[in-house]
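A quick write-up on the structure given underneath.
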Amino acid sequence: MNIRILALICLGLLFSCKNTTTPPKKEKPKQPNILFLAIDDLRPELGVYGSDIAITPHIDALAQDGLRFNNAYCQQAICSPSRASLMTGARPETIQVIENFTYFRDKNPDIVTIPQHFKNNGYEAVYTGKIYHGKYNDPELSWSREPVKMSKTDVKFGFKLPENIKTQKENSAAMVAKYGEKALRNGLGKGPSYEFADFPDNAYEDGFNTDLAIATMKDMLHENPEKPFFFRYGNEKTALRLDCPKKNIGICTMRQT
């Protein structure tokens, strides 16, 4: 009998020693923030792609820290189809955008864009600069917020030099007189193909939008640092017109030919 009692006591002690501590829950890894840089008409004339003339230390450093693609192709050689194709993941003929005057959403009301996908999965989605073509920015579905407000009352984008402004006005008037109002929509009536003037970066559109992008990212990180963001910044240069400050002349000469 004593042996049985002793065995029961030992068994009770054994179970009382069982570790009842709940293991700590694994923290869900934070989703990464994504910065998507888009540059108009830029061929890989960059240091990281072996250019002997382009001085691009920041892009080179970014490439060294990421994945470089050596084979990437534009779906179509004009603005709206290529941009709509990139943002939807569908071919231009599939989404029926093969020129610059069709809004992809009119033809594809239910298609999901890249930023829309991120927005639908808990991301803040925002952009500055040129993303889609012209007015086709898909504000209702692709983006979750607007960039911060920055005054640009003193900034008039476009040519800065009086002689170039004059040339553009004269060319535009001549093309409208000859071909009608749609001449300007179709890309006629432009001024000189380049301008290198002594102005700060943010006097031109790309510089201003860069400042706007930085301010917006800082604002998002301050407002809600735990919420991941998808940020797309679109740089219009190296597309024509090549207007930028003199100090950036090396960048402005790297347009695709």
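The values are calculated or read from the model by the stated rules, or taken from the named source; none is laboratory data. Bear in mind that the values here come from a model prediction, so they are computed numbers and not experimental data. Don't worry about glycine lacking a Cβ; one is built from the backbone with ideal geometry, like all the others, and counts go over all protein chains shown. Calculation scope for accessible area: heavy atoms of the full protein, side chains included, ligands and nucleic acids excluded. Shrake-Rupley method; radii C 1.70, N 1.55, O 1.52, S 1.80 Å.
Every residue, every condition in (1) free of Cβ contacts under 8 Å to residues at least 40 places away in the same chain; (2) at negative phi; (3) open to solvent by 50 Å² or more (accessible area, probe 1.4 Å); (4) in a helix (DSSP H, G or I), yes or no:
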site: A77; (1), (2), (3), (4): yes, yes, yes, no
site: R83; (1), (2), (3), (4): no, yes, no, yes
site: E93; (1), (2), (3), (4): yes, yes, yes, yes
site: D110; (1), (2), (3), (4): yes, yes, yes, no
site: Y132; (1), (2), (3), (4): no, yes, no, no
site: P147; (1), (2), (3), (4): no, yes, no, no
site: F157; (1), (2), (3), (4): no, yes, yes, no
site: K166; (1), (2), (3), (4): yes, yes, yes, yes
site: E170; (1), (2), (3), (4): yes, yes, yes, yes
Can you find a residue that is at pLDDT below 80, open to solvent by 90 Å² or more (accessible area, probe 1.4 Å) and not in a loop (DSSP other than H, G, I, E, B) anywhere in the range 20-32?
no
Taking the criterion of being of a type outside the set (D, E, K, R), at pLDDT below 85, out of contact with any strand residue (DSSP E or B) (no Cβ under 8 Å at 6 or more places or on another chain) and assigned to a loop (DSSP other than H, G, I, E, B), would at least one residue in the range 51-68 satisfy it?
no
Select from the range 180-204 the residues that are in a helix (DSSP H, G or I) and touching a Gly at 6+ places or on another chain (Cβ under 8 Å) and write down the one among them that is farthest from C79 (Cα to Cα).
D201
Show the residue pairs that are 6+ apart or on different chains and have beta-carbon atoms under 8 Å apart, the first residue being within the range 207-224 and under 13 Å from V126 (Cα atoms) and in contact (Cβ under 8 Å) with a residue 60 or more places away in the chain, the second being surrounded by 20 or more Cβ atoms within 10 Å (Cβ to Cβ) and hydroxyl-bearing (S, T, Y).
N209/T128; N209/Y233; L212/T128; A213/T128; A213/Y233; T216/T128
Considering each residue of the range 33-72, count those that are within 18 Å of the chain's Cα centre (by Cα), open to solvent by 60 Å² or more (accessible area, probe 1.4 Å) and of a type in the set (F, W, Y), and give that number.
1
